[in-house]
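Enquirer: Below are the C-alpha cells for one structure; questions will follow.
What follows is calculated from the coordinates using simple rules that are stated; it is not laboratory data. What you see is a predicted model; the values in this text were computed from it and never measured. Backbone-built Cβ (ideal geometry, glycine too); neighbour counts: all protein chains shown.
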Amino acid sequence: MRRGSRGRAADEPGVKVDARSERWREHRKKVRSEIVDAAFRAIDRQGPEVSLREIAEEAGTAKPKIYRHFTDKSDLFQAIGQRMRDMLWSAIFPSIDVSTDPAHTIIRSAVEQYVRLVDDHPNVIRFLMQSRFAESESAIRAVNEGRDITLAMADMFSNELQDMELDGAAFELAAFATFGAAASATDWWLGAAQDTPRRLPAEQFVDYLTTIMLGSINGTCEVLGIRIDPDLPLHEGVTRREQVA
C-alpha cells in the first residue's frame, strides 16, 4: 500500500512544489509592490536624488533584500515607471467616455487627472524624467510607460471613428507628438529643483495643456481631411472637410 501510495505521488509530480511556487510568486509580488510604495514615499519626500539606501530604509529593509526582488537598480526604476503609468491609467480612463463625451471634454478631463497626479508626486515625475540611477535604455522604457497612455487614447479615438476608415498611423503619430509636448511642458511647469515654485497655477496649466493637445489633434485632423466639433460627442462631431459647408 505504501508502495502504491508512493507510486501515485510519483505519478503526480510537482503538486506541492507548484503550490509553494505559487505562494512564493505571490510573496515576491507583494514585497516588490511594497518596495515600490516605499520608493514613491522616499522620492516624494527626499527628491529625485534619493539613494537606493534611503529607499531601503523607507521600506524598513536592507539594500541587499531589494536585490532579492529586483534584478538591479534599473529593474526598480522601471517598476516605478510602471506604477506611475498604472496610477495615470486608473485616474484617466474612468473619467472619460469616448462614446458620449465631446473631444474637448475628453482631452480636458484627461489633462486634469494628469496634472493632479503630477502635482501630487512632482518629485517622482522629476525622478522619471531625469533618469535617476538607471541606464539610458531602462530609463527610456520607464518614461515610455506614460506614452502607452496616449497611445491607448489614440486607439480609443481610432476605434470610435473606425467607420470613417481613417489612417491609424496618423492617430499614433498624434499620440507621440502630444506625449512629447506634455512631457516637455510638465518639465517646464515643475522646474528642475525640488523647491522651484510652479510656473503657472495648476488650473491655468490645465487650460494651456488642453489647448496644446487639441491643437495636435486638430492638426492631425487637417492631415486626414476631417473636422472635429469639440462640443459634440466624438462620433457625431466628426465630419469630412468636403462635407462642411
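Enquirer: On a full-extension model of 0.36 nm per residue, what is the gain between Thr71 and Ala192, subtracting their alpha-carbon distance, rounded to one decimal in nm? Don't skip to the answer; put the middle values down first.
Expert: Values: separation 121, 0.36 × 121 = 43.56 nm, distance 2.93 nm.
Contour length minus Cα-Cα distance gives 40.6 nm.
Enquirer: 5 Å is the cut-off here: which amide hydrogens, built 1.01 Å from N in the peptide plane, fall below it relative to Val238, excluding neighbours closer than 5 in sequence?
Expert: Residues meeting the criterion, in which the H sits 1.01 Å from N, are Asp229.
Enquirer: Where does the charge balance sit around Val115 when Lys and Arg score +1, Asp and Glu -1, over other residues with C-beta under 12 Å from its C-beta? It would help to have the intermediate numbers written out before the result.
Expert: Numbers: positive: Arg108, Arg116, Arg198; negative: Glu112, Asp119, Asp120, Glu203, Asp207.
Local net charge: -2.
Enquirer: Can you give the charge dipole size of segment 22-61 about its Cα centre, rounded to the nearest 20 debye, using +1 on the beta carbon of Lys and Arg and -1 on the beta carbon of Asp and Glu? Provide the component values of the computation, followed by the final result.
Expert: On the way: 9 positive and 9 negative charges, 59 e Å.
Dipole of segment 22-61, to the nearest 20 debye: 280 debye.
Enquirer: Here is a follow-up. Report the FRET efficiency, 1/(1 + (r/R0)^6), for Asp44 and Glu203, where r is their Cβ-Cβ distance and R0 is 30 Å, rounded to 0.05. Let's see the in-between values first.
Expert: Working: r = 22 Å, r/R0 = 0.75.
It comes out at approximately 0.85.
Enquirer: Given a Förster distance of 35 angstrom, what is the FRET efficiency for Gln82 paired with Arg241, based on the Cβ-Cβ distance and rounded to 0.05?
Expert: Once the sixth-power term is evaluated, E becomes 0.30.
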